[in-house]
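To start, the structure under review is shown below, and the notes come after it.
The values are calculated or read from the model by the stated rules, or taken from the named source; none is laboratory data. Everything quoted here is computed from the prediction, not taken from an experiment. Because the Cβ atoms are built from the backbone with ideal geometry, glycine has one as well, and the counts that use them run over all protein chains shown.
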Amino acid sequence: MREEMLIPKERSVVVAKNLGYTLPTGEILFDGIELAVNKGDRIALVGKNGVGKSTLMKILAGVITSSKGTVDYASAAYVDQLDEGVDERGDLTLMEYLTKSSEEWWQIQLHYEKMFGRELPDMSRSLKQLSGGEYMRLKLAVATYKEPEILLLDEPTNHLDVTSKEVLRDFIEHFPGGVMVVSHDVHFIDQVVKDVWELSEGKLKRFGGNYQEYLQAKAIEEESRERRLNEAQKELAQSERAMIKEQKRAARSRRTGKKLAGDRSMSTIEKGYFKNKASSSAGRRGESIKADIDEAKEKVEANKAKKRKMARLNLVEGETLKGKRLIEIRNGILTVENTELIEGINLTVKYGERILLAGENGSGKTTLVKSILTETSTTIGLRGEEIFRMPELSGLYISQRYDQIDRKKSLIENMYLANPGIDMQSARRALGNLLFREKHEVEKLAGSLSGGETARLAFAMASVSPVDMLILDEPTNNLDRDNIQIIIDALSQFEGAMLVVSHDIGFLKQINIEKAYVITAHRISEMKNLPSEEGFYGELLTK
């Protein structure tokens, strides 16, 4: 249920008034934002990619300055996306990172041990060697050791396994101040928030309740929008019919006026009166109906514009391998630089099957799925009693880092690289489906894209050529709710085989997984529960 924005209270830890932010290009990202975050609040900040969620949180934390308005707060901490943090790590060791973060670095160490009940990793380790979970815990400790009154978390679950997410959930539950979270992870959000705030079209709306209640409210809004569009289209058609009818009536009126004006029995004054009356009446009615038509057209276009902003994705499956075995591994062993990473691999993939591969970060999921599609290399080997790959198999791997994208080339050039022989019209259509529609958009360098835009490009590249088997490695990272739903809808229509690596429980529940495997203690085993079943999350936590 939508409510008015919160009124500042005595226990408010952040109060913003008339907040606005304008980009260097002159584009207004948002304006007139009024909000108050109170102690104990648990808020999800949602909205499409690019609407300014991260910018708003950075302003609330004092990291950047707004273009207008004021922010009052006692103390705030902002934890940026783990994706961004990977590039920030550089060659720093853990010790160098701590001393760079604070002169009282030992306070962070003590705080870390108190928060998580464990010691910091080896101080001489490079930050690049830390797992997503280890790095997340470190950033939380750095952000909160001075006990801020509000914690702002930007996509904190990116690249976290289920165990690390549970640590984060527990941390948020016991944090004494207010918490605001930006996250695409529906399952995680439902566990930790009490209110949902939506940033849309430069304004902030508040929805009371959890994320599922927010989705229900949005569904009602969408139904209302569809109804308004239909009503506007009917109104337009009715106005256009009225215009045609009025034009016919006006023509008859003019003919009558001319006839009366030609009546020799009338005086000159009477003739002029009837002629002018017919012309004036027709003009007034015509102008009134034209105004109705213009208003109806505006309503139709306003409602259509909202629909045009939605992306769509169509995946094309191959036809020749339907019903056939694509992959089979019996008693397989995966080695990395002569070290056994996973053993006891027994996996069969048939055309049309949907399979999940789960496991903690560092367990070897990504290495395994990549080796399934490709032959062994000098450093990575997959051997066993039987390693079968259908010779004519057309497989596509979309990595969580989108390695298939050349950041130094334009979007349209990447389309050509991924789909040799594709014509300009088909490439532009595929990009347009994922909202890259203008000439300047398709010609800009891929390296300039945001995380969400990069993901959309990767799926555009994958949507042209036929594929028998699709391997998705954390496909929902960096995507907003609408784009995740687009992928879900496309996968529901895809008839080929699918092998998915993901920690996003909400996403997994909606893509009809038929088999689930988990890697634990260097071995792979089939799970008893599927993501759609109640016991799945608990089984993952106990593995």
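List of remarks:
- Residues of segment 496-543 that turn out to be among the aliphatic types (A, V, I, L, M) and closer than 29 Å to Glu319 by Cβ, as a count: 10
- Residue within segment 491-502 that is among the hydroxyl-bearing types (Ser, Thr, Tyr) and under 21 Å from the mean Cα position of the chain (by Cα) present: yes
- Residue within segment 468-479 that is touching a Gly at 6+ places or on another chain (Cβ under 8 Å) and over 22 Å from Asn158 (Cα atoms) present: yes
- Residues being within 23 Å of the chain's Cα centre (by Cα) and over 17 Å from Gly359 (Cα atoms) - total across segment 160-187: 12
- Counted residues, segment 53-70 - those being of a type outside the set (Lys, Arg) and buried (at least 20 other Cβ atoms within 10 Å of the Cβ): 7
- Segments classed as helices (runs of 4 or more DSSP H), wholly inside segment 425-496, with at least 2 members that are without any contact (Cβ under 8 Å) to a residue 40 or more places away in the chain: 439-442, 481-493
- From Leu434, Leu411, Leu417, Leu393, residue being crowded, with 17+ Cβ neighbours inside 10 Å, more than 23 Å from the chain's Cα centre (by Cα) and either within 22 Å of Glu317 (Cβ to Cβ) or of a type outside the set (Val, Ile, Thr) (or both): Leu393
- Taken together, Glu213, Glu166 contain a single residue that is out of contact with any strand residue (DSSP E or B) (no Cβ under 8 Å at 6 or more places or on another chain) and more than 18 Å from Lys39 (Cα to Cα), which is Glu166.
- Taken over segment 517-537, the criterion of being surrounded by fewer than 19 Cβ atoms within 10 Å (Cβ to Cβ) and either among the polar types (S, T, N, Q) or more than 26 Å from the chain's Cα centre (by Cα) (or both) is satisfied by Thr520, Ala521, His522, Arg523, Ser525, Glu526, Lys528, Asn529, Ser532, Gly535.
Results for (1) of a type in the set (Val, Ile, Thr); (2) touching a residue at least 40 places away in the same chain (Cβ under 8 Å); (3) in contact with a His (Cβ under 6 Å, 6 or more places away or on another chain); (4) more than 30 Å from Thr163 (Cα to Cα), shown as yes or no for each residue.
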position: Arg354; (1), (2), (3), (4): no, yes, no, no
position: Gly362; (1), (2), (3), (4): no, yes, no, no
position: Ser371; (1), (2), (3), (4): no, no, no, no
position: Ile387; (1), (2), (3), (4): yes, yes, no, yes
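- Complete set of residues in segment 43-57 that are among the β-branched types (Val, Ile, Thr) and within 13 Å of the chain's Cα centre (by Cα): Val46, Val51
- Scan segment 156-201 for residues that are charged (D, E, K, R), surrounded by fewer than 18 Cβ atoms within 10 Å (Cβ to Cβ) and over 27 Å from Ala74 (Cβ atoms) and the total you get is 3.
- Test: residue in segment 124-133 that is over 24 Å from Phe507 (Cα atoms), modelled with pLDDT of 90 or more and hydroxyl-bearing (Ser, Thr, Tyr): yes
- Every condition in (1) at pLDDT 90 or above; (2) acidic (Asp, Glu); (3) under 20 Å from the mean Cα position of the chain (by Cα) holds for Glu514 except the one numbered (3).
- Annotation: Ile150 fulfils all but one of (1) closer than 18 Å to Lys39 by Cα; (2) in contact with a Pro (Cβ under 7 Å, 6 or more places away or on another chain); (3) not charged (D, E, K, R); the unmet one is (2).
Residues are listed down the side, and each one gets a yes or a no for (1) in the same structural domain as Leu153 (by TED's automatic domain parsing); (2) more than 27 Å from Asp170 (Cβ to Cβ); (3) of a type in the set (S, T, N, Q); (4) not in a loop (DSSP other than H, G, I, E, B):
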{"position": "Thr25", "(1), (2), (3), (4)": "yes, yes, yes, no"}
{"position": "Ala44", "(1), (2), (3), (4)": "yes, no, no, yes"}
{"position": "Thr55", "(1), (2), (3), (4)": "yes, yes, yes, yes"}
{"position": "Lys58", "(1), (2), (3), (4)": "yes, no, no, yes"}
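- Within segment 410-424, the set of residues being small (Gly, Ala, Ser) and either outside any loop (DSSP other than H, G, I, E, B) or within 23 Å of Gln81 (Cα to Cα) (or both) comprises Ser410, Ala418.
- Selection from segment 207-229 of residues that are of a type in the set (Gly, Ala, Ser) and out of contact with any Asp or Glu (no Cβ under 8 Å at 6 or more places or on another chain): Ala217, Ala219, Ser224
- You will find that of Asp91, Asp80, the residue that is under 26 Å from Asn361 (Cβ atoms) and either free of Cβ contacts under 8 Å to residues at least 40 places away in the same chain or not assigned by TED's automatic domain parsing to the domain that holds Lys165 (or both) is Asp91 and no other.
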